[in-house]
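*Asks:* Just dropping this structure here.
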Amino acid sequence: SAVADTAALAALLIPMMRAAGYGINRSAGLIASGGIIAPVIPPSIGMIIFGVAGNVSITKLFLAGIVPGVLMGAAVGLTWWWLAKNEKVLPAPKLAMPQRLKITAEGSLALALPVVIIGGMKFGVFTPTEAAVVAAVYSFAVGMFVYRELKWSELYQLVLTAGKTTAVVMFLVAAAMVSAWLITVANIPTEVADMLEPFMGSKILLMLVMMVLIVVVGTALDFTPTVLILTPVLMPVVLKAGIDPVYFGVMFIMNNAIGLITPPVGTVLNVVCGVAKISMDDAFKGVLPFLMAQLAVMFLLVLFPQIVTVPLHWWMR
């Protein structure tokens, strides 16, 4: 998840960046904006919840999230480059090429995990559910027998933690089904569709309106509640307008991920504030350029949905 990724990276990188002389606000902003890419890049719990709540193929959601996730990462990198150049930040010493190659080679098995998951689903070797098993077994084997960072004494606690996480996800999925039923019974989708009727003539305009709506909601609600509440409300509108539900799902998840770095809730911002020991105001100042870059990517994908849909069709061939 974005919160877990950010917490782990912030605890590791913020002290290093502080020691290297980087501004703590910018450092916190960089790590926070990088952490929110996690729900977009497969495998993603958010996409699983959306897929269940919206009756959308999880495999297609995973595959469709690759290009947007890469673009979000590129936006963060370019923004950091621009900030470092304009704020005259001294770059850290570069490693020699042999050292880079050695480090890359050492981490190659860990880096191969996403390739194994995506490749296996694309070529029909396993389903998303089976992919989770493959990922767990692969990670266990690499961590235990290759890197030797995993000890047998830690296995019980790892299994217990995984069980708790799985239970949380299953409760969320159950809640998604119940909330979808309640929202349908209350006839809320019809009312929302009537409200958005003037925008039905243009898919791009309708997507823009829905993205703005989700951005506003995301400033007040956390990631999962937003997905649970808005998915059954907006999906009928999406289907009625003829918008690709997989494309909408990716955009919806991306938008909710961006909401994690927008105050006042901003769960990911709160995490980096705690690790970096800075105020929310300072963290928001640091993350603002990255937030603007992520929003620019999102609205670029709204204007040009082919950036998402064309690679997806290629993946699914």
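The values are calculated or read from the model by the stated rules, or taken from the named source; none is laboratory data. Quick caveat, the model's predicted, so the values are computed rather than measured. When we count neighbours, we look across all protein chains shown, and the Cβ atoms used for this are built from the backbone with ideal geometry, even at glycine.
*Asks:* Please pick out the residue among VAL310, VAL246 that is of a type in the set (Val, Ile, Thr) and surrounded by 15 or more Cβ atoms within 10 Å (Cβ to Cβ).
*Replies:* Of VAL310, VAL246, the one residue that is of a type in the set (Val, Ile, Thr) and surrounded by 15 or more Cβ atoms within 10 Å (Cβ to Cβ) is VAL246.
*Asks:* Given the conditions (1) crowded, with 23+ Cβ neighbours inside 10 Å; (2) within 13 Å of the chain's Cα centre (by Cα), which single one is not true for ASP5?
*Replies:* Evaluating ASP5 over (1) crowded, with 23+ Cβ neighbours inside 10 Å; (2) within 13 Å of the chain's Cα centre (by Cα) leaves (1) as the failure.
*Asks:* Within the set of pairs 6+ apart or on separate chains, which have a first residue in region 1-29 that is of a type in the set (Asp, Glu), a second that is crowded, with 20+ Cβ neighbours inside 10 Å and modelled with pLDDT of 85 or more, and C-beta atoms under 8 Å apart?
*Replies:* Every condition considered, the pairs that remain are ASP5/GLY35; ASP5/ALA38.
*Asks:* In addition: For region 228-242, give me each residue that is assigned to a helix (DSSP H, G or I), over 20 Å from VAL168 (Cα atoms) and either at pLDDT 90 or above or hydrophobic (A, V, I, L, M, F, W, C) (or both).
*Replies:* Matches in region 228-242: VAL233, LEU234, MET235, VAL237, VAL238, LEU239, ALA241.
*Asks:* Report the residue count in region 70-111 for those that are farther than 21 Å from LEU30 by Cβ and of a type in the set (S, T, N, Q).
*Replies:* Within region 70-111, residues that are farther than 21 Å from LEU30 by Cβ and of a type in the set (S, T, N, Q) number 3.
*Asks:* Go over the candidates VAL70, VAL40 one by one and state the one that is modelled with pLDDT of 90 or more, surrounded by fewer than 20 Cβ atoms within 10 Å (Cβ to Cβ) and hydrophobic (A, V, I, L, M, F, W, C).
*Replies:* Answer to the check: VAL70.
*Asks:* In addition: Considering only residues of region 259-275 that are surrounded by fewer than 23 Cβ atoms within 10 Å (Cβ to Cβ) and among the aliphatic types (A, V, I, L, M), which is nearest to SER44 (Cα to Cα)?
*Replies:* Filtering region 259-275 for residues that are surrounded by fewer than 23 Cβ atoms within 10 Å (Cβ to Cβ) and among the aliphatic types (A, V, I, L, M), the one nearest to SER44 (Cα to Cα) comes out as VAL265.
*Asks:* Continuing with the same structure: Within region 269-307, how many residues turn out to be among the basic types (Lys, Arg) and free of Cβ contacts under 8 Å to residues at least 24 places away in the same chain?
*Replies:* Of the residues in that region, 1 qualify.
*Asks:* Specify which of the listed residues (GLY46, GLY35) is touching a helix residue (DSSP H, G or I) at 6+ places or on another chain (Cβ under 8 Å), within 23 Å of LEU234 (Cβ to Cβ) and not acidic (Asp, Glu).
*Replies:* GLY46
*Asks:* Within the bounds of region 281-296, is there any residue that is over 16 Å from LEU206 (Cα atoms) and in contact with a Cys (Cβ under 9 Å, 6 or more places away or on another chain)? Let's see the steps before the verdict.
*Replies:* Looking only at region 281-296, we keep the residues that are over 16 Å from LEU206 (Cα atoms), and these are 281-296.
When the remaining residues are screened for being in contact with a Cys (Cβ under 9 Å, 6 or more places away or on another chain), the result is 282-283.
The answer is yes; a qualifying residue exists.
*Asks:* Still on this structure, please answer the following. So, MET316, is that one more than 16 Å from the chain's Cα centre (by Cα) and within 25 Å of LYS60 (Cβ to Cβ) or not?
*Replies:* Answer is yes for this residue.
*Asks:* Go through the residues of region 83-94 one by one and say whether even a single one is assigned to a helix (DSSP H, G or I), within 25 Å of MET292 (Cα to Cα) and touching a residue at least 24 places away in the same chain (Cβ under 8 Å).
*Replies:* yes
*Asks:* Going by the conditions given, is THR165 touching a helix residue (DSSP H, G or I) at 6+ places or on another chain (Cβ under 9 Å), over 29 Å from VAL137 (Cα atoms), loosely packed, with under 15 Cβ neighbours inside 10 Å and modelled with pLDDT under 80?
*Replies:* no
*Asks:* While we're on this one: When you go through (1) free of Cβ contacts under 8 Å to residues at least 12 places away in the same chain; (2) small (Gly, Ala, Ser); (3) buried (at least 23 other Cβ atoms within 10 Å of the Cβ) one by one for GLY46, which number turns out not to apply?
*Replies:* Among (1) free of Cβ contacts under 8 Å to residues at least 12 places away in the same chain; (2) small (Gly, Ala, Ser); (3) buried (at least 23 other Cβ atoms within 10 Å of the Cβ), the lone unmet condition for GLY46 is (1).
*Asks:* Can I ask one more? Among the residues of region 181-224, how many are among the small types (Gly, Ala, Ser) and within 18 Å of GLY54 (Cα to Cα)?
*Replies:* Counting residues in region 181-224 that are among the small types (Gly, Ala, Ser) and within 18 Å of GLY54 (Cα to Cα) gives 2.
*Asks:* Taking ILE48 and the conditions (1) under 15 Å from the mean Cα position of the chain (by Cα); (2) hydrophobic (A, V, I, L, M, F, W, C); (3) not in a helix (DSSP H, G or I), which numbered condition does it fall short on, given that it satisfies the others?
*Replies:* (3)
*Asks:* With respect to LEU213, is the statement that it is part of a helix (DSSP H, G or I), in contact (Cβ under 8 Å) with a residue 40 or more places away in the chain and crowded, with 16+ Cβ neighbours inside 10 Å true?
*Replies:* No: the conditions fail for LEU213.
*Asks:* So which residues in region 8-22 are crowded, with 18+ Cβ neighbours inside 10 Å and assigned to a loop (DSSP other than H, G, I, E, B), if there are any at all?
*Replies:* TYR22
*Asks:* Would you be able to say whether some residue in region 249-258 is under 21 Å from PRO68 (Cα atoms) and exposed (fewer than 14 other Cβ atoms within 10 Å of the Cβ)?
*Replies:* no
*Asks:* When you check GLY266 against the structure, is it at pLDDT below 85 and at positive phi, yes or no? Break it down into steps so the answer makes sense when it comes.
*Replies:* Working: at pLDDT below 85: yes; at positive phi: yes.
For GLY266, the condition - at pLDDT below 85 and at positive phi - is met.
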